[in-house]
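First the structure, in the form of structure tokens, and then the observations on it.
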Amino acid sequence: MEGTVMCTVIAMDHTNLSYRACSVCERTLPDVPNPVCKFCPNYNSGRPPPPPVRFFRLLVSIATDTEVFNVMCFDRAARVLIGCSADEFFDFAKFHPFAAANAGKILEGEMMKMTLTKPKNGNAQHLRAAAVVPLRTGFQPAIKSLRELYKARPGLS
Ligand SMILES: [Zn+2]
């Protein structure tokens, strides 16, 4: 189902919502403690490599009026839902290990207008949300609700 759809967020896969990439060329970096981009000029030059940056890669389950399916929200679309950069969210989640799970709960039931496109990578199995527009008046991105939640309940992890 490509094109623009009205949908409801059913769930968000909160187990793996971001990945690290090179801040210069934006290629995905290996999942190791201090990843180095092999494509950028500083590789093996002795100079410090470009610092890694985190991008969102959010798998979201949505329901239209006829079907339920998963869509992939990359950084720009995901930021509409989450409300901050993936690095900011990652830092927040260091202090609140359940932040991602709670973000998923917060977004459940939200109505969205999504523009869905075929994945650029032919092996990718999910449609991609190229644009996301929240439809509910008063919608606030997950990080804003999370900050309020953790402020109101300081003991919550
Ligand atoms: Zn690079």
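Each value in this text was obtained by applying a stated rule to the coordinates, not by laboratory testing. Since we're looking at a predicted model, the values are computed, not measured. Every residue, glycine as well, gets a Cβ built from its backbone with ideal geometry; the counts of neighbours run over all protein chains shown.
For the range 78-157, the spread of Cα positions along the three principal axes, ordered from largest to smallest, is 44, 30, 18 Å. Among the listed pairs Lys94/Lys144; Lys94/Lys118; Lys113/Lys144; Lys94/Lys120, a Cα-Cα separation exceeding 22 Å is found for Lys94/Lys118; Lys94/Lys120.
Highest mean packing first, where packing is the average number of other Cβ atoms within 10 Å per residue, the peptides 26-37, 92-103, 132-143, 54-65 line up as 54-65, 92-103, 132-143, 26-37. Take the Cα of Ile10, step 7 Å toward its Cβ, do the same at Lys105, and the gap between the two points is 2.1 nm.
In angstrom, the C-alpha Rg and Dmax of the chain are 17.1, 56. Our coupling estimate for the range 29-41, obtained by passing each phi through the Karplus curve with A = 6.51, B = -1.76, C = 1.60 and θ = phi - 60°, is 9, x, 7, 10, x, 10, x, 10, 6, 7, 9, 8, x Hz, Gly and Pro reported as x. Only Cα pairs under 8 Å and 6+ residues apart enter the sum, and on that basis the relative contact order of the range 14-82 stands at 28 percent.
When the charge dipole of the chain is built from unit charges on Cβ atoms (+1 for Lys and Arg, -1 for Asp and Glu) and taken about the Cα centre, the candidate among Pro51, Pro134, Ile62 whose Cα reaches farthest toward its positive end is Pro51. Each Lys and Arg Cβ is given +1 and each Asp and Glu Cβ -1; about its Cα centre, the chain then shows a dipole of about 400 debye. If you take the alpha carbon atoms of the range 1-76 and fit the smallest convex hull around them, that volume is 106 Å³ per residue.
Spacing of the modelled spin labels on Glu26 and Asn42, each 7 Å from Cα toward Cβ, amounts to 1.9 nm.
Full extension of the chain segment joining Glu2 with Asn123 gains 41.9 nm, where the gain is 0.36 nm per residue of separation less the Cα-Cα distance. Distance between the C-alpha centres of the range 86-125 and the range 59-73: 13 Å, rounded to the whole angstrom. Set the Förster radius R0 to 35 Å, insert the Cβ-Cβ distance between Phe74 and Thr137 as r into 1/(1 + (r/R0)^6), and round the FRET efficiency to 0.05. So the FRET efficiency works out to roughly 0.85.
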